[in-house]
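All of the numbers you see were taken from the coordinates with simple rules; none came from a lab. If you're wondering where the values come from, they're calculated on a predicted model, not measured in any experiment. Here the Cβ is made from the backbone with ideal geometry for all residues, glycine too, and neighbour counts use every protein chain on show.
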Amino acid sequence: MNEYLQSIIDRDPAARSKLSVILTYPGVKAVFFYKIANFFSLAKFHLVAKIISQFARFLTGIEIHPGAKIGKNLFIDHGMGVVIGETSDIGDNVTIYHNVTLGGISPSINSDEQRNNKRHPTIKDNAVIGSGAQILGPIIVGKNSKIGSNAVVTNDVPENAVMVGIPARNIGVSSEEFKPYAVTEETKKEKR
């Protein structure tokens, strides 16, 4: 828990203390309830898991399916409107901003044929997903990639990429340094 809270403080200049992160960050609460819901999901108590998930959504505005796989130190900043689908797989030290969807591409078509199949994205370690981005389908977002705000990503993203636009396109190489809003002055200059 200490490592998790410190990882948030390291990534958010507004975080003043671990206590304030625990008490006031909806993403922390959502991840806490996800861990409980995921425990029940793995134990095949799916209804209990979904009830916990929906309670967390009511409290935080963040919907994480209990069946999703989430690595360590997921930081959901601001959080309202975040949706993480059932077969999503999120690596370590990923940052997700508000109104992000990790979704499927055709959830209402042939639902029976889609059960138990990978339908949602895999997000690799250290990725940053900007506010409003839509990552759709069983694609892979590579390590250290940055997805710009409101980008719509429907194809695999290579490691260290900077993706922007609708549909998203790669505009540069991401540095190892954390860039909270995915697009930097350097990448804007490269595009000009």
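Magnitude of the charge dipole for the chain, about its Cα centre and with charges confined to Cβ atoms of Lys, Arg (+1) and Asp, Glu (-1), is about 260 debye. Shown for the chain are the DSSP H helices of 20 Å or more along their axis, judged by Cα atoms, with a mean Kyte-Doolittle hydropathy of at least 0.0: 26-42, 46-60. Rounded to the nearest 0.05, the FRET efficiency derived from the C-beta distance between LYS18 and MET80 at R0 = 22 Å is 0.50.
The alpha carbon convex hull volume per residue for the chain rounds to 108 Å³.
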